[in-house]
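What follows is a short report on a single structure.
What follows is calculated from the coordinates using simple rules that are stated; it is not laboratory data. Predicted model, so just to flag it, every value in this text is computed and none were measured. Backbone-built Cβ (ideal geometry, glycine too); neighbour counts: all protein chains shown.
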Amino acid sequence: MREFGLIGYPLGHSFSASFFAEKFKKEGIAAEYRNYPLEQIADFPDLLEQGLEGLNVTVPYKQEIISYLDTLSPTAEAIHAVNTISFIKSKGGVKLAGDNTDIIGFRRSLEEHLESWHSSALVLGTGGSSRAVAYVLEQLGIGYTMLSRTSGQGRITYGELDAKKVTESTLIINTTPLGMHPKVATYPDLPYQAITPRHLLFDLVYNPEKTEFLKRGGQEGASTVNGHDMLIYQAEASWDIWNNSVQNK
C-alpha cells in the first residue's frame, strides 16, 4: 500500500484526504492519503519513519519546511515556498525533494476566468501562497501590488489602500485565511464600494464555497472564483510529480 498525506495546522478545513480517497477508489490505486496535523514543524522528522512516498504541505509550513528538504525544484526555489514533497529512496537513504504545484493550480484556474482588462492586480497577504500567486502574475505579465497588515518592502498596508487603487486593480486575489471555515464571518478590510462589474475576485479559500470576501465583491457586480478548482489542479500535479519521482528512482 502506497502512503501519502498532508501536513499543516490545523487541518480540519482540508478535503485533500477525501479528494485522494475518491481518486484512488475510482482509479483502482492501492494507496492511502492521510492528514498529519503538526502543531510545530519540529515534529516533521517523526514522519520520516512512516514509509511515505509523498506529502502535500499547507499553511503555515510552506516556507518553514524548506530547511528539512534536500533539494528544491526551480519553481519552489524561485518563490521560496513548497507545497509538495517527494520521498525519493536510494541506496544512501531517503532524499526529500520539494516542489510547488500551487503555481500550476492557480494559473490554470485563473486563466479560465481572465479577461483582457484584468491587467492590474491586488494580492492580499504575503505568505507562501502569495508568492505562488505573484509568480504566476509575473508569468502572465499582470502588474500587481501586495497588500499586508504590516508595512514592508514591496507592499502596502490596508490603511494605505484607497478606493482609486481598488477600482484600478480589476483583479483582486485573497491568499489569506480570512473567511475560511470556521471563521466564516471574517474578510479582508477593503473599500468594497469601489469594486465594479469589471472586477474578478479570486479567493484561494474553498471552504466555504462563497466567502464573505466573494459575497461582498459579488454584491458590487464582480465575477468571483473560489479555490476549489485550484486545489484539484494542484493535487493532480502533485500526483504526477510523485509518480515521476518513482519512475526516476
With +1 on each Lys and Arg Cβ and -1 on each Asp and Glu Cβ, how big is the dipole of the range 103-229 about its Cα centre, in debye rounded to the nearest 20?
-> 220 debye
Taking Lys and Arg as +1 and Asp and Glu as -1, residues besides Ile41 with C-beta under 14 Å from its C-beta add up to -3
Only one of the listed values, (1) 16.4; (2) 13.7; (3) 12.3, was derived from the coordinates as mean projected area of the Cα convex hull in nm²; which label is it?
-> (2)
Using the Cα gyration tensor of the range 1-56, with a ≥ b ≥ c the square roots of its eigenvalues, what is the shape: rounded (a/c below 1.5), prolate (a/b larger than b/c) or oblate (neither)?
-> oblate
Of the cross-linked pairs Lys62/Lys91; Lys62/Lys210; Lys62/Lys164; Lys26/Lys89; Lys23/Lys95, which ones have a Cα-Cα span greater than 30 Å in the structure shown?
-> Lys62/Lys164
Angle, helix 128-140 long axis vs. longest principal axis of the chain, Cα atoms, 0 to 90°, nearest 10?
-> 70 degrees
In deg cm²/dmol and to the nearest 500, what is the mean residue ellipticity at 222 nm of the chain if only DSSP H runs of at least 4 residues count, each as -39500 (n - 2.57), divided by the residue total?
-> -9000 deg cm²/dmol
Working out 0.36 nm times the residue gap between Glu112 and Ala163, then minus their Cα-Cα distance, what length gain in nm do you get to one decimal?
-> 15.7 nm
Might you report the magnitude of the Cβ-based charge dipole of the range 178-222 about its Cα centre, with Lys and Arg at +1 and Asp and Glu at -1, to the nearest 20 debye?
-> 40 debye
Sparsely packed GluC sites (Glu not before Pro) within the range 6-56, loop by DSSP, other Cβ within 10 Å at most 13 | Glu39
If Lys and Arg each add +1 and Asp and Glu each add -1, what is the summed charge of the other residues whose beta carbon sits under 13 Å from the beta carbon of Gln219?
-> +1
Counting Lys and Arg as +1 and Asp and Glu as -1, what is the net charge of the other residues whose Cβ lies under 10 Å from the Cβ of Ala21?
-> +2
